[in-house]
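*Asks:* Okay, here's the structure, questions in a sec.
Readers should treat all values here as calculations from the given coordinates under stated rules, not as data from a laboratory. Here the structure is a predicted model, which is why all the values come from computation and not from measurement. Here Cβ is always computed from backbone atoms with ideal geometry, including for glycine, and neighbour counts include all displayed protein chains.
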Amino acid sequence: MTSLITSEHVKEWASFGPKLKGKPTPEQQVAAKERKEKCTEMKKRLHEQFNSPEWSEKKIEKELDRLVEESAQEDAVERPAYLDAPQGTRDFYPPEMQIRNWLFGTMRETALAFCFTEYDAPVLEHVELYQRKAGEEIVDQMYAFKDKEGDHVTLRPEMTPTLARMVLNKTNLQTGEVRLTLPL
């Protein structure tokens, strides 16, 4: 059945790029429109070339998509696991980082406009801080280890206990007086 579709057809179809998933950016919308035009032209051309009722444009598209996917799997090279970001993390390449910086910048400007102030804390926290809040089950899901001094520490999974710790460190524990108001 696929004998009418050549490897050249598959290469041409693959050169149009993948179908977009999710909501596209304005730039992606332009590229998607161009891709659609190229795909439509190729489907019409192949439909006329095959001259068979068995090969509708929709069937040609499905078969080309399948063959491109099959070809990509054959071309895939086994990659070492260390080349992937660790589970639960991700890389931000320049286009995503640009969007991320814009988003965080907009959030920061909005917060400052309403008189919020920033704070930050170490990425490492003592495991006991989270055991007190959520119990042993959360500790089983955290990246925890012993540091060079033998303290049991973890990568901070959330900020709430850290903020509570920061407030307690600026509170007189005998009187309850807070020496520094933090952004709560």
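*Asks:* GluC sites (Glu not before Pro) within segment 22-91: which are DSSP loop residues with at most 14 other Cβ atoms inside 10 Å?
*Replies:* Working: sites: Glu27, Glu34, Glu37, Glu41, Glu48, Glu54, Glu57, Glu61, Glu63, Glu69, Glu70, Glu74, Glu78; in loops: Glu54, Glu78.
In loop regions of segment 22-91 (DSSP not H, G, I, E or B), the sparsely surrounded GluC sites (Glu not before Pro) are Glu54, Glu78.
*Asks:* Report the one residue of Pro53, Leu155, Ser7 whose Cα lies farthest in the direction of the positive end of the charge dipole of the chain (charges on C-beta: Lys and Arg +1, Asp and Glu -1; origin at the Cα centre).
*Replies:* Towards the positive end, the residue furthest out is Pro53.
*Asks:* Hand me the trypsin sites (Lys or Arg not before Pro) from segment 105-153 located in a DSSP loop with no more than 12 other Cβ atoms within 10 Å, in residue order please.
*Replies:* On the way: sites: Arg108, Arg132, Lys133, Lys146, Lys148; in loops: Lys148.
Passing sites in segment 105-153 are Lys148.
*Asks:* Using the Karplus curve 6.51 cos²θ - 1.76 cosθ + 1.60 with θ = phi - 60°, what ³J(HN,Hα) values do you get for each residue of segment 102-111, in whole Hz, with x for Gly and Pro?
*Replies:* 4, 4, 5, x, 5, 5, 5, 4, 5, 4
*Asks:* Given contacts defined as C-alpha pairs under 8 Å and at least six residues apart, what's the relative contact order of segment 64-184, whole-number percent?
*Replies:* Details: 64 pairs, mean separation 20.7, N = 121.
RCO, segment 64-184: 17 percent.
*Asks:* From Cα coordinates alone, what are the radius of gyration and Dmax values for segment 2-76 in angstrom?
*Replies:* Both quantities, over Cα of segment 2-76: 13.1, 38 Å.
*Asks:* Do the sum for the chain: with -39,500 (n - 2.57) for every DSSP H run of n ≥ 4, divided by all residues, what is the mean residue ellipticity at 222 nm, to the nearest 500 deg cm²/dmol? Could you put the intermediate results ahead of the total?
*Replies:* Working: 7 runs with 97 residues, N = 184.
One gets -17000 deg cm²/dmol as the mean residue ellipticity at 222 nm.
*Asks:* Mind listing which chymotrypsin sites (Phe, Trp or Tyr not before Pro) in segment 73-135 are in a DSSP loop and have 16 or fewer other Cβ atoms within 10 Å? Numbers along the way, then the final one.
*Replies:* Details: sites: Tyr82, Phe92, Trp102, Phe104, Phe114, Phe116, Tyr119, Tyr130; in loops: Phe92, Phe114, Phe116, Tyr119.
Passing sites in segment 73-135 are Phe92, Phe114, Phe116, Tyr119.
*Asks:* Using only the Cα atoms of the chain, each taken as one equal point scatterer with no solvent, compute I(q) by the Debye sum, divide by I(0), and report log10 of the ratio at q = 0.15, 0.17, 0.18 Å⁻¹.
*Replies:* -1.06, -1.21, -1.28
*Asks:* Which ³J(HN,Hα) values, rounded to whole Hz and listed in residue order, are derived for segment 49-63 from phi using the Karplus coefficients 6.51, -1.76 and 1.60 in 6.51 cos²θ - 1.76 cosθ + 1.60 with θ = phi - 60°, glycine and proline given as x?
*Replies:* Once rounded to whole Hz, the list reads 5, 6, 6, 9, x, 5, 9, 6, 4, 5, 5, 4, 4, 4, 5.
*Asks:* Which value, in debye to the nearest 20, gives the size of the charge dipole of the chain about its Cα centre, when Lys and Arg are +1 and Asp and Glu are -1 at the Cβ? Mind dumping the intermediate values first?
*Replies:* Details: 27 positive and 33 negative charges, 129 e Å.
My answer is approximately 620 debye.
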